[in-house]
């Protein structure tokens with residue numbers, strides 16, 4: 001294990017980035033060009049096989065001639081202190097394996113973008129007779145802008161004839177992404193890489209690989225002979241056209257798969273668009289059903305949308321509306337039954353004794369369900385007439401209070417004014433007139449107070465009755 005600061009030729013180790021079956025990857029500094037690189041240092045056991053070294057150099061030369069935006073650029077293949085290493089482009093970001101472990105299934109639009117980029121890279125490499133042989137999520141790096149880069153071209157072929165086991169005891173290779181022809185050690189072409197890319201697409205859409213077994217031989221048997229788990233069984237969103245594309249991408253026979261990366265990416269993009277159009281159509285149908293008060297049909301359409309995309313916010317909001325309307329409809333039916341029962345009881349009372357009528361009993365029953373009153377609009381509402389009477393009483397009471405108050409205020413000003421008697425009147429006449437005016441004033445004041453008291457009584461009565469009838 002290399003420590004920070006250790007030198008491999010002109011490269012100074014900065015930190016370890018990851019460890020795989022046959023190599024350890026470090027972030028390093030090219031001290032000559034003053035740039036950061038990714039340094040892949042091969043396991044020391046590999047260098048003991050001269051045949052491997054020859055194959056490794058040959059494959060590295062092929063890889064070094066690949067210049068593509070979605071393929072990691074190889075700067076140098078070299079040896080230092082008996083350790084072989086590859087210096088390649090350093091990419092800030094993580095790999096798809098870690099991304100799927102962290103987030104689970106990715107959004108379909110993001111999957112299309114990633115598969116499109118790697119598919120273009122593979123088409124470019126295949127046109128130059130370079131086969132990757134180990135396409136898998138951990139070999140696909142993604143930066144913060146969503147740019148995907150494929151790494152480790154040719155390493156698996158160099159290891160192909162090497163009887164190799166890592167120092168940790170793990171057998172080299174990634175069997176979950178191996179094509180049927182790889183599992184049977186048959187000759188390979190670019191369609192083997194496309195199968196592996198199909199497995200990657202399957203995992204990005206579902207969060208799992210299609211074949212799982214307890215051992216590598218059992219896994220290879222399933223890859224060659226058994227059908228894969230349906231994507232929709234793992235993720236219901238990956239149904240319909242998306243499922244069809246994924247299953248074709250990992251067909252057993254190479255000639256039944258997509259024949260190039262762009263064909264696969266295009267088919268997946270079309271499938272995602274079809275799924276989106278299906279969701280839009282279902283939503284429009286749900287809105288139409290809701291407008292026609294067909295709540296069951298509307299809910300059925302919305303459930304289909306949420307089965308495809310549980311995070312569809314518009315469908316979530318609309319199904320909440322459907323549930324509220326369903327509750328309101330049930331409540332309405334309950335209120336209709338309540339009103340019918342109240343009317344029946346009133347009719348029975350009148351039938352039993354024509355001189356007895358108990359509208360107050362009906363009103364008290366309905367007072368507990370005020371929103372039921374509109375249902376009585378087809379008949380004259382006794383509660384409505386009572387409410388109008390009580391409102392009239394309140395108006396009269398307020399007028400009386402105002403009149404009484406005004407008169408009392410006026411007399412409060414007028415009585416002291418009468419103390420000022422004209423000086424030319426005789427004392428007896430002045431006293432007599434003063435007493436007479438005071439008697440009139442007291443009479444008027446008593447009348448005003450009576451009016452005000454009557455207003456208070458009317459107001460109290462109306463408030464009490466309104467509490468009883470809800471008017």
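The values are calculated or read from the model by the stated rules, or taken from the named source; none is laboratory data. These figures come from a predicted structure and were not determined experimentally. Virtual Cβ from ideal backbone geometry, glycine too; neighbours counted across all protein chains shown.
For segment 288-301, a residue qualifies if it is assigned to a helix (DSSP H, G or I), surrounded by fewer than 17 Cβ atoms within 10 Å (Cβ to Cβ) and over 20 Å from the mean Cα position of the chain (by Cα), and the qualifying residues are 288, 291, 295, 296, 297. Taking segment 245-266 on its own, how many of its residues are touching a helix residue (DSSP H, G or I) at 6+ places or on another chain (Cβ under 6 Å) and surrounded by fewer than 19 Cβ atoms within 10 Å (Cβ to Cβ)? Count: 4. Counting only helices (runs of 4 or more DSSP H) that fall entirely inside segment 78-182 and contain at least 2 residues that are at pLDDT below 85 and assigned by TED's automatic domain parsing to the domain that holds residue 256, the qualifying elements are 155-159.
Say whether the condition of being within 30 Å of residue 198 (Cβ to Cβ), in contact with a helix residue (DSSP H, G or I) (Cβ under 6 Å, 6 or more places away or on another chain), part of a strand (DSSP E or B) and in contact (Cβ under 8 Å) with a residue 60 or more places away in the chain is met by at least one residue in segment 50-72. Yes: segment 50-72 contains one or more residues that are within 30 Å of residue 198 (Cβ to Cβ), in contact with a helix residue (DSSP H, G or I) (Cβ under 6 Å, 6 or more places away or on another chain), part of a strand (DSSP E or B) and in contact (Cβ under 8 Å) with a residue 60 or more places away in the chain.
In the set 9, 82, 18, which member is within 18 Å of residue 138 (Cα to Cα) and surrounded by fewer than 20 Cβ atoms within 10 Å (Cβ to Cβ)? From the options 9, 82, 18, the qualifying one is 18. Restricting segment 12-49 to residues that are modelled with pLDDT under 85 and assigned to a loop (DSSP other than H, G, I, E, B), the residue that is farthest from residue 88 (Cα to Cα) is 49.
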